[in-house]
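Trainee: There's a structure below that I have some questions on.
The values are calculated or read from the model by the stated rules, or taken from the named source; none is laboratory data. Small disclaimer: the values here were computed from a predicted structure and weren't measured. Backbone-built Cβ (ideal geometry, glycine too); neighbour counts: all protein chains shown.
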Amino acid sequence: MPVKKKAAAAKAAPKAKAAPKTKAAPKKAAAKAEPKAEAKPKVAPKAKAAPKPKSTKKKVNFKLKAADAGSVSLVGCFTQWGEGAVAMKKDKSGVWKTSVQLEPGNYEYKFVVDGAWWTDPENPGTNPNPYGELNSTCEV
């Protein structure tokens, strides 16, 4: 009666309790793939502009004694000989004055007195011009 022995053995040996079933983690709903923001390319920070070199321009004063003149202008290579003529102002003593900012160098100029072109009577420096006349010169 071997069958009874099996049955008796089965009764005698306590059944091992099966481990309690754990709840399976719920399946995560497949998350909708949201498009990722495109990564911005890394750009080096803008370099600061190099400081402008200090101007080397110098103030140059011009004057002309012409008490009877109605108008006087300064023209020269620095004004393209008239396009940027500099109006001069007459003081109480009849001296016309102005000043301009010029880079270092050599310049030629004249005064336009009531429409007539004059060299600077107080400046001995001159250069001949293409019209057979002289231009006054100055070095800055």
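Trainee: Scan the stretch 54-108 residue by residue and report those that are hydroxyl-bearing (S, T, Y) and more than 18 Å from W118 (Cβ to Cβ).
Mentor: Here is the first cut: in the stretch 54-108, the ones hydroxyl-bearing (S, T, Y) are 55-56, 71, 73, 79, 93, 98-99, 107.
Residues satisfying the conditions are S55, T56, S93, S99.
Trainee: Now a separate question. For residues that are of a type outside the set (S, T, Y), under 41 Å from the mean Cα position of the chain (by Cα) and crowded, with 16+ Cβ neighbours inside 10 Å, scanning just the stretch 89-119, find the one that is farthest from G76 (Cα to Cα).
Mentor: K90
Trainee: Suppose the filter is at pLDDT 95 or above, under 12 Å from S73 (Cα atoms) and surrounded by 11 or more Cβ atoms within 10 Å (Cβ to Cβ); does S136 pass it?
Mentor: no
Trainee: Go through (1) touching a Gly at 6+ places or on another chain (Cβ under 9 Å); (2) of a type in the set (D, E); (3) at pLDDT below 95 and name the single condition D68 misses.
Mentor: Just one mismatch for D68, condition (3).
Trainee: Filter the stretch 120-133 down to residues that are under 19 Å from A66 (Cα atoms) and not charged (D, E, K, R) and give me whichever is surrounded by the fewest Cβ atoms within 10 Å (Cβ to Cβ). Quick ask: steps written out before the conclusion?
Mentor: To start, the set of residues in the stretch 120-133 that are under 19 Å from A66 (Cα atoms) comprises 120-124.
Now narrow it down to the ones that are not charged (D, E, K, R): 121, 123-124.
Numbers: P121: 11, N123: 12, P124: 9.
Per the stated criteria, the residue is P124.
Trainee: Further question: Could you check, for the stretch 33-56, whether at least one of its residues is over 18 Å from C138 (Cβ atoms), surrounded by 10 or more Cβ atoms within 10 Å (Cβ to Cβ) and at pLDDT 60 or above? Step through it out loud before you land on a result.
Mentor: Here is the first cut: in the stretch 33-56, the residues over 18 Å from C138 (Cβ atoms) are 33-55.
Checking which are surrounded by 10 or more Cβ atoms within 10 Å (Cβ to Cβ) leaves us with none.
Looking for residues that are over 18 Å from C138 (Cβ atoms), surrounded by 10 or more Cβ atoms within 10 Å (Cβ to Cβ) and at pLDDT 60 or above, one finds none in the stretch 33-56, hence no.
Trainee: Also: Within the stretch 79-103, which residues are within 13 Å of V60 (Cβ to Cβ) and either out of contact with any strand residue (DSSP E or B) (no Cβ under 7 Å at 6 or more places or on another chain) or small (G, A, S) (or both)?
Mentor: Within the stretch 79-103, S99, E103 meet the criteria.
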